[in-house]
Every structure is written in structure tokens, then in C-alpha cells.
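I have placed the structure first, in the form of C-alpha cells, so that the comments after it can refer back to it.
The values are calculated or read from the model by the stated rules, or taken from the named source; none is laboratory data. Since this is a predicted model, take the numbers as computed values, not measurements. No Cβ is skipped: glycine too gets one built from the backbone with ideal geometry, and neighbour counts run over all protein chains shown.
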Amino acid sequence: MRRPVLHVATWIFSWLVPKDVREPLMGDLAEEHALRVKAGSSSAALKWYLRQIFASIPPLLWTRLTRAAWLSTLGVALLAYFAVGVVQLTIRWAISSSSATVYNPLDLIIIFPVVVLIGYCAERLRRKAAILLGTMMLLAITAMTVWATESAPLWYRIAWFFVGPAAAFIGGVLPSVRRARS
């Protein structure tokens, strides 16, 4: 029973420890554990080993989360999502003041290149931000379609389901296409 616990705890710990210090740190822990097994009981050595690992997990996890690149990617994607929302509200306001139709295909046509541009800028700021933006848009549109009380026509919901995320994904691909040409 002790061996699987030791292996699982070691695996979790090794995943959290930075690669540059992983091998020496794991070696030191294993060496000290072996010395404690020889000097006393294996049960006491296992308790010491697990106490060392579990005491180290919270600070290691916090360090890993604060240094993670995905945090800045998420920040850029959220900023881009906010920008898309502001642009969409502005376009809907401009269109609704000039025509009586609430669900106008014109806003889809206008917003597509704008979202491509926002996705492009997000991708330039942080790699994979446009993919995250498209995913966020897809999830938001799905949630609004499933839980919204608004009675938007089906064609309008389906169009937004494809137009928004597709524009963000296209914008995210543009920087790599630009790099490939140069």
C-alpha cells in the first residue's frame, strides 16, 4: 500500500517542480527518504516524505500559476472579448437607429472583419489568445442560445454561432500566414 502512495505523491510533486531543479530536488528527497528508512521505520520515513511533499505543493502550485503563460493569454483574450462586445453594441446601436429590424444580417457582415482584426491583434499580443477568444465566443453564444429568453430567429442564432468564432480563428491564423510569407 505504501509504494503506490509514494509513487503518486512523487509524480504529483515532480509535475509541479520546475524542470531545472526537478532532478536534484527529487534526488535529495529520495536520498533522505532512504536514509530515514535505514535509520528507523519505513512508516516514519514515508510520513516524513509525504509531509515534505504536501507542505511544498501549495507554494509550488502558486508559483506555477503566477508564472504561467496562459494567465496573460487569458487576459488578452478577455480584453479582446470585451472589445468585440463594445464593437458589437456600437454596430447594433448604429444599425437599429437607422432601421426598424432588430435582427439585421448587416451587423453580421460588418462585425466579421472587425472580429478578424481584433483576433489578429490579440494573436499578435499573445500567442493562442485568438483561439481562446473564439472559444469564449462559442461558449457564450451557446449559453445564450440555450438559456436566453430572447426570441431571436434561428437563422440569426446559427449565423452568430459560426460567424463570431470563425472570425476570431481566422484573425488568429493571419499572423502565422504573414510570417510564412516573409
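Check A80, A69 and return the single one that is at pLDDT below 85 and closer than 30 Å to V163 by Cβ.
Values: A80 fails: at pLDDT below 85.
So the residue among A80, A69 that is at pLDDT below 85 and closer than 30 Å to V163 by Cβ is A69.
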Residues to consider are I118, I158; find the one that is in a helix (DSSP H, G or I), crowded, with 19+ Cβ neighbours inside 10 Å, in the same structural domain as A83 (by TED's automatic domain parsing) and of a type in the set (V, I, T). I118
Using beta carbons and a limit of 6 Å, which pairs, at least six apart or on different chains, have the first residue in the range 106-119 and on the phi < 0 side of the Ramachandran plot and the second one charged (D, E, K, R) and assigned to a helix (DSSP H, G or I)? D107/R92
Tell me which residues, restricted to the range 49-76, are over 12 Å from F13 (Cβ atoms) and among the aliphatic types (A, V, I, L, M). L65, A68, A69, L71, L74, V76
Which residue is farthest from V115 (Cα to Cα), if the candidates are limited to the range 141-165 and must be of a type outside the set (A, V, I, L, M, F, W, C) and touching a residue at least 40 places away in the same chain (Cβ under 8 Å)? P153
Of the residues L60, L74, L79, only one is assigned to a helix (DSSP H, G or I) and either surrounded by fewer than 15 Cβ atoms within 10 Å (Cβ to Cβ) or out of contact with any Leu (no Cβ under 8 Å at 6 or more places or on another chain) (or both); which? L79
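Criterion first (surrounded by fewer than 17 Cβ atoms within 10 Å (Cβ to Cβ) and either touching a strand residue (DSSP E or B) at 6+ places or on another chain (Cβ under 7 Å) or assigned by TED's automatic domain parsing to the domain that holds W160 (or both)) does T135 satisfy it?
On the way: surrounded by fewer than 17 Cβ atoms within 10 Å (Cβ to Cβ): yes; either touching a strand residue (DSSP E or B) at 6+ places or on another chain (Cβ under 7 Å) or assigned by TED's automatic domain parsing to the domain that holds W160 (or both): yes.
So T135 passes the test.
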